[in-house]
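The values are calculated or read from the model by the stated rules, or taken from the named source; none is laboratory data. Note that the structure is a prediction, hence the values are computed from the model and not measured. Cβ placement follows ideal geometry from the backbone for every residue including glycine, while neighbour counts extend to all protein chains displayed. For the accessible areas, the whole protein counts, side chains as well, though only heavy atoms, and no ligand, DNA or RNA atoms are used. Shrake-Rupley method; radii C 1.70, N 1.55, O 1.52, S 1.80 Å.
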There are 2 protein chains.
Amino acid sequence: MTADLGPAQARERFRAGLSTPTSGWCAGWTQANLIAVPREYAWDVLLFAQRNPKPCPVLDVLEPGEVGGALLDGDIRADLPGYRVYRGGELVDQPSDVEKYWRDDLVAFLIGCSFTFENALLTAGVPVRHLAQGTNVPMYRTTRRCRTAGRLSGPLVVSMRPVPAGLVDTAVSVTTRYPAVHGAPVHVGWGGRDGGSELGITDLDAPDYGDPVPMTDGEVPVFWACGVTPQAAVLESRLPLAITHEPGQMLITDARDGDYLI
Amino acid sequence: MTADLGPAQARERFRAGLSTPTSGWCAGWTQANLIAVPREYAWDVLLFAQRNPKPCPVLDVLEPGEVGGALLDGDIRADLPGYRVYRGGELVDQPSDVEKYWRDDLVAFLIGCSFTFENALLTAGVPVRHLAQGTNVPMYRTTRRCRTAGRLSGPLVVSMRPVPAGLVDTAVSVTTRYPAVHGAPVHVGWGGRDGGSELGITDLDAPDYGDPVPMTDGEVPVFWACGVTPQAAVLESRLPLAITHEPGQMLITDARDGDYLI
């Protein structure tokens, strides 16, 4: 079972070339989003994260020249299942490692991921549809804008999990206790197809990243801020270079989920 | 009563020249530490804050050229009761405004302050000695080191409040809910005079900043991380220029304490 693997074992498989969403992998170990930018844009990204802490909770920063650190006894350039490379506002590659793209002046940000609280949701009796399905979580660009920072601006990106109406309060209270990995939802519910939700999402079946999940009667879509938000910002802001994880294919760190529980 | 003033009224008095500790002022309004550094050091400071979130919770950042912002409908250069100016690791001035020192390339960080949760402590029945005395809170440089960031390193600075032994649990649980303004204590209790506390403090009656407070039998010293920590770091790291608040003489912001309650 991939849930029973340790982070080093999982990273070894990804380094060997396995490409897969990591939701449900390494139960109890914290997963993280990656965004690496040239040093001259690092201030903008860190300030963007500080001003938008719900989508961009910074877990650690690897300074220029570092490819490992306190959260990662490994190599950030190869230990994720998949990557994206953005140049000047275009997605130019989706490789399984990024050694050929890496530069010594890149600063890598590790950003909290909502997969961290999915184990706590299950423990509290809240089902997690994409885990049950074995697919990636659905993610959506919204019409809600992040606070701008320097040269970086962009929309809030959210992940969505359908929750039975009677368990929405449980889902909110459980995730509130994980503020470092997106915390409480940013929106609950759905205004219907006449114009979509308050977040400007018009079709739940067509996520911008990840896979759609079926919803059944009596379920409510619950939206959490998502660590893909900085990817949307580097795209919109046309940064000359950014290297990120493939959405849903996270870095599995050496930190425990409990480290981020309040 | 200064507790009943609004933030704009308080800032007007300070702009007019009043110099005073702000503990107990403007009940319900959030107070903040100030540290402004040249843009070329801003990355180091922001990364230092990110790596040391207990002492350095960033509430907002004013970019070069900004002297007001979302938390402050005013002028950061004059609206505090007192300032400190550091040059190359020396304290060179303690003026009541800093317009003559200000430069267009300065980046100002507003950092959370434990005064924010003192009202909540009082409401929960925990006495706050320096408030009762009408003095400044005692603050101490410790032997505990912060995580280094770029060119910035330094010791953890703490504030201390004596708490009746039977109320220590209350003080911890109340302040835990304010993580953006230092949150739970970093240390409770005192190992005695043979070597001082675990924090390396040898004499509670000789704080490094602020005023000493009397302790009575049955009280326990409780230590919280303090937003003076970046001042100790710019001093030790000999930054060419840093402008800060005078410890205990805070910026009173337009944000509500409740905004930082979890």
Setting aside same-chain residues fewer than 8 positions from A:Lys54, which aspartates and glutamates have a Cα under 18 Å from its Cα?
A:Asp44, A:Glu118, A:Glu198, A:Asp257, A:Asp259, B:Asp60, B:Asp259
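Looking at the stretch A:121-166, what % of the alpha carbon pairs are farther apart than 18 Å? Display every interim value, and only then the final one.
Details: 506 of 1035 pairs.
Tail of P(r) above 18 Å: 49 percent of Cα pairs.
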Before I look further, what does the stretch A:115-225 give for accessible area per residue, probe 1.4 Å, in whole square angstrom?
40 Å²
Assigned charges on the beta-carbon of Lys, Arg, Asp, Glu; the protein assembly as shown dipole about Cα centre (debye)
220 debye
Under the Karplus curve 6.51 cos²θ - 1.76 cosθ + 1.60, θ = phi - 60°, whole-Hz ³J(HN,Hα) for the stretch B:141-148, x wherever Gly or Pro sits:
6, 10, 8, 7, 8, 6, 5, 5
Counting only residues 5 or more places away or on other chains, whose amide H sits under 5 Å from the amide H of A:His187 once H atoms are built in the peptide plane?
A:Phe223
For A:Asp211, the residues 5 or more places away or on another chain with a placed amide H closer than 5 Å to its own amide H are A:Asn136, A:Val137, A:Met139
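From the P(r) of the stretch B:163-262, could you give the percentage of C-alpha pairs in the tail past 18 Å? Numbers along the way, then the final one.
Values: 3022 of 4950 pairs.
In whole percent, the share of Cα-Cα pairs in the stretch B:163-262 beyond 18 Å is 61.
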Could you tell me what % of all Cα pairs in chain B have separations over 35 Å?
9 percent
Distance in nm between A:Asp75 and B:Ala27 label points, each 7 Å along Cα→Cβ, equals 6.2 nm
Scattering curve values for the stretch A:115-225, log₁₀ I(q)/I(0), Debye with Cα scatterers, q = 0.16, 0.18, 0.24 Å⁻¹
-0.72, -0.91, -1.52
Mind checking the log10 I(q)/I(0) for the protein assembly as shown at q = 0.05, 0.13 Å⁻¹? Debye, one equal scatterer per Cα, no solvent, two decimals.
-0.21, -1.29
Could you work out [θ]222 nm for the protein assembly as shown from helices alone, using -39500 (n - 2.57) per DSSP H run of at least four and dividing by all its residues? Round to the nearest 500 deg cm²/dmol.
-5000 deg cm²/dmol
In whole Hz and in residue order, list the ³J(HN,Hα) couplings for the stretch A:31-37 that follow from phi through the Karplus curve 6.51 cos²θ - 1.76 cosθ + 1.60, θ = phi - 60°; x for Gly and Pro.
9, 9, 7, 10, 9, 10, 9
Relative contact order (percent, whole number), chain B, Cα cutoff 8 Å, 6+ residue spacing:
32 percent
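Quick one: with all protein chains in place, what share of the accessible area of the stretch A:118-258 is carbon or sulfur, to the nearest percent (1.4 Å probe)?
Details: 2640 of 5210 Å².
Ligands and nucleic acids excluded, carbon and sulfur reach 51 percent.
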Quick one: which residues, 5 or more positions from A:Val163 or on another chain, have an amide H under 5 Å from its amide H? H modelled 1.01 Å from N in the peptide plane, none for Pro or chain starts.
A:Val220, A:Val222
FRET efficiency for B:Ser19 and A:Arg145 from the Cβ-Cβ distance with R0 = 56 Å, rounded to 0.05, comes out at 0.85
Any idea what the relative contact order of the stretch B:115-225 is, in percent, if you count C-alpha pairs under 8 Å spaced at least 6 apart?
34 percent
Let's see if you can work this out: charge +1 on each Lys and Arg Cβ, -1 on each Asp and Glu Cβ, no other charges. What is the dipole magnitude of chain B about its Cα centre, in debye to the nearest 20?
520 debye
Sorted from shortest, what are the nm distances separating the label point of B:Gly218 from equivalent points in the other copies, each placed 7 Å from Cα along Cα to C-beta?
5.6
If you place +1 on the Cβ of every Lys and Arg and -1 on the Cβ of every Asp and Glu, how big does the dipole about the Cα centre of the stretch B:115-225 come out, in debye to the nearest 20?
560 debye
Measuring label to label, 7 Å along Cα→Cβ, what does A:Asp73 give against each other copy in nm, shortest first?
5.4
Could you compute how much accessible surface B:Trp224 exposes when probed at 1.4 Å, giving the result in Å² to the nearest 10?
0 Å²
1/(1 + (r/R0)^6) with r = Cβ-Cβ of B:Lys100 and B:Glu66, R0 = 22 Å, i.e. FRET efficiency to nearest 0.05, evaluates to 0.75
Between chains B and A, what is the buried accessible area summed over both chains (1.4 Å probe, protein heavy atoms, nearest 100 Å²)?
1500 Å²
With viscosity set to 1.002 mPa s and temperature to 20 °C, compute the Stokes-Einstein D of the stretch B:15-59, Rh being the Kirkwood radius across alpha carbon pairs; µm²/s, no decimals.
165 µm²/s
Shortest first and in nm, the label-point separations between B:Glu198 and its counterparts in the other identical copies (7 Å out along Cα→Cβ) come to 4.3
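Computed over the Cα atoms of the stretch A:24-108, what is the convex hull's projected area averaged over all directions, in nm²?
On the way: hull surface 25.3 nm².
Here the figure is 6.3 nm², rounded to one decimal.
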How far is it, in nm, from the label point at B:Glu40 to the one at A:Arg238 when both lie 7 Å from their Cα along the line to the Cβ?
3.0 nm
